[in-house]
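What follows is one structure encoded as structure tokens, with my remarks underneath.
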Amino acid sequence: MALNGLYIKGTSKTPDIDFSPGLLKISGRSIPEDTISFYKPVLQWLELYLHKPEKLTKVVFKIEYVNSGSNRFLYSMLNMFNDKYHEGVNIAISWFFESDDDTIKNLGDDLQALVDIPFSMMEY
């Protein structure tokens, strides 16, 4: 059975989640009122997807702002990706940040240091 994508339209407080097999995109602000409720279906979809991923999975983060509760889920996702990468799954991460946004750039640097996955820092 092929896994369908997952799409959650972003709001002023939640990111746009646009996952399709092989391309996983998270963009916008992540300051949900209930972080666990928001990210639970995202992590569940990822878990299913990572059981039988595409030959190459590209992960794109274009986060404008993230709160500490959301950080925890970003770390969880990266750990899931890192585990699969160590099992031989081909994963590449792109972390986009605005040229004047040191907070998001530094978060990307911190996350990059935690994983062995190819991780591109992309300034725009």
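Observations on the structure shown:
- In this view, the solvent-accessible surface of D109, computed with a 1.4 Å probe and all protein chains in place, comes to about 50 Å².
- Across K13/K55; K55/K105; K52/K105; K25/K55; K13/K52; K40/K105, pairs whose alpha-carbon gap is larger than 24 Å: K13/K55; K55/K105; K52/K105; K13/K52; K40/K105
- Largest GNM mean-square fluctuation among P53, P41, P15, using the chain with Cα springs under 10 Å: P41.
- Net charge of neighbours whose Cβ lies under 11 Å from the Cβ of S20, counting Lys and Arg as +1 and Asp and Glu as -1: 0
- The chain - percent of accessible surface contributed by carbon and sulfur, probe 1.4 Å: 49 percent
- Here the stretch 6-42 and the stretch 43-75 have alpha carbon centers that stand 9 Å from each other.
- Relative contact order [Cα under 8 Å, 6+ residues apart], the chain, whole percent: 21 percent
- Farthest toward the positive end of the dipole of the stretch 26-124, out of F119, F81, I31, is the Cα of F81, where the dipole comes from beta carbon charges about the Cα centre.
The values are calculated or read from the model by the stated rules, or taken from the named source; none is laboratory data. Predicted, not measured: the structure shown is a model, and the values here were computed from it. Heads up, the Cβs are rebuilt from the backbone with ideal geometry, glycines too, and the neighbour counts pull from every protein chain shown. Accessible surface areas use protein heavy atoms only, side chains included; no ligands, DNA or RNA. Shrake-Rupley method; radii C 1.70, N 1.55, O 1.52, S 1.80 Å.
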